[in-house]
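See structure below.
The values are calculated or read from the model by the stated rules, or taken from the named source; none is laboratory data. What you see is a predicted model; the values in this text were computed from it and never measured. Backbone-built Cβ (ideal geometry, glycine too); neighbour counts: all protein chains shown.
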Amino acid sequence: MKKQTGKNALIFVAITVAIDAIGLGIIMPVLPNLIQELTGLGLDEAAIHGGWLTFTYALMQFIFMPIIGGLSDAYGRRRIMLFSLFFLGLDYLLMGWAPTITLLYLGRLISGATGATYSTANAYIADISPPDKRAQSFGVIGAAFGIGFVMGPVIGGLLGDMNPRTPFYAAAIAALVNTIYGFFFFPETLKPENRRAFSWHRANPLGTFKSILALPQLKGFLVVMFLFSFAHFSYPAVFSFFTQHTFEWSPSDVGIALGFFGVCSAFVQGYLIRIAIPKLGMIQCAIIGSLMNAIAFIGLGFATSGMIGYFWLIPAALGGLATPAIQHLMSIRVADDAQGELQGAIGSLSGLAMLGSPLIMTHLFHSFAAKNAPINFPGAPFLLAGILVAIGLLVFIWSVRTVPIVANEKSHAE
């Protein structure tokens, strides 16, 4: 019976994480049409709202991720997970109904806050999994997030062809049905004696930036991770606007293309990287992946048809070789007791990039895609992203040559 309960709980957590991930992508294909419907603006002006909506969601995720994690430590995993999932379902209903752009902003505020359950899900998995099975359970959660991230744009695109609001109603049904399932089958795993009082000091999201300052020897690598993250967030920020403007794609066209990219990325990171790293080594994989990213961004920026756009998504997926290799090369340059600080620093920089990139990329798209633009070049955000990755590659090559490996990691090949 205990084994069955644990299985049901793992299923619930995996579905919850998948729904959270779907929430990241489901809005992408329909966002341009929905903003235009609510505001009456042209596509280039609607992109400005798109950037601010993405910023709003990212800001709430950044603020509430440590808060929700702290609340789950104080009041238990079950209560917080069910509460978050229930209000996420209600929020999807709000966004589907929203008659004004103001309510859509409110919806993204709420979805960013209530969807920040990934840390709680990981804590729950740590509670229920024995040490020898924990990695497998974390793998299930990672796979669920990946599936949700691929499914989100596809669902949003296919349903969005009917109506730009339909994907939100579908997501609401999924969230509320899973809430009911969790209410009956999701047990509490954090015993009262293992709980701790909620602390605003511990839940302060700005505290994570201390980890950046604690790793001065990795400043070059951290610059690389920031530049790469900043470049990659151009995809959720402007891909839908760019492809609808340049290729005249429908929401379903956008969603299928993003799904294609997601499947290719899963193949690269789940299979190809296991072959490439032993054969080529970490440094070569990082360099090849970075070159693929830079080429793909620049190529996409100059693409003039949907088929050419699809072509550049393949090297973009091959760019997935870079980040895992770079993270490994960073990890062998810090001591064992600083690995947590390193991951915290990488997460903090990614959060910063997610806040800044959508605003800059969408404003850049507006400046070069408007009818009165002095130069008509809607691919400008992707050109900038390619340049940032190229700069990051140069910084990486300098860093990997100048920052030594710590003594206890000398046996790890580069």
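Could we say that residue 295 is of a type in the set (A, V, I, L, M, F, W, C) and over 30 Å from residue 158 (Cα atoms) here? Against the criterion (of a type in the set (A, V, I, L, M, F, W, C) and over 30 Å from residue 158 (Cα atoms)), residue 295 does not qualify. Restricting region 255-279 to residues that are more than 20 Å from residue 145 (Cα to Cα) and buried (at least 16 other Cβ atoms within 10 Å of the Cβ) leaves a set whose member that is modelled with the highest pLDDT is 276. The single residue among 151, 162, 95 that is surrounded by fewer than 23 Cβ atoms within 10 Å (Cβ to Cβ), assigned to a helix (DSSP H, G or I) and at pLDDT 75 or above turns out to be 151.
Quick one: would you say residue 54 is in contact (Cβ under 8 Å) with a residue 40 or more places away in the chain and over 30 Å from residue 195 (Cβ atoms)?
Criteria met by residue 54.
Scan region 312-335 and tell me whether some residue there is assigned by TED's automatic domain parsing to the domain that holds residue 222, modelled with pLDDT of 95 or more and of a type outside the set (A, V, I, L, M). For region 312-335, residues assigned by TED's automatic domain parsing to the domain that holds residue 222, modelled with pLDDT of 95 or more and of a type outside the set (A, V, I, L, M): present. Just one of the listed residues (374, 358, 378, 324) is of a type outside the set (Val, Ile, Thr), surrounded by fewer than 20 Cβ atoms within 10 Å (Cβ to Cβ) and in contact (Cβ under 8 Å) with a residue 40 or more places away in the chain, and it is 324. A single member of 184, 198 is surrounded by fewer than 22 Cβ atoms within 10 Å (Cβ to Cβ), at pLDDT below 75 and aromatic (Phe, Trp, Tyr), and it is 198. Residue 84 - would you say it is within 18 Å of residue 153 (Cβ to Cβ), outside the structural domain of residue 259 (by TED's automatic domain parsing) and modelled with pLDDT under 85? Here the answer is no, as residue 84 does not meet what is asked.
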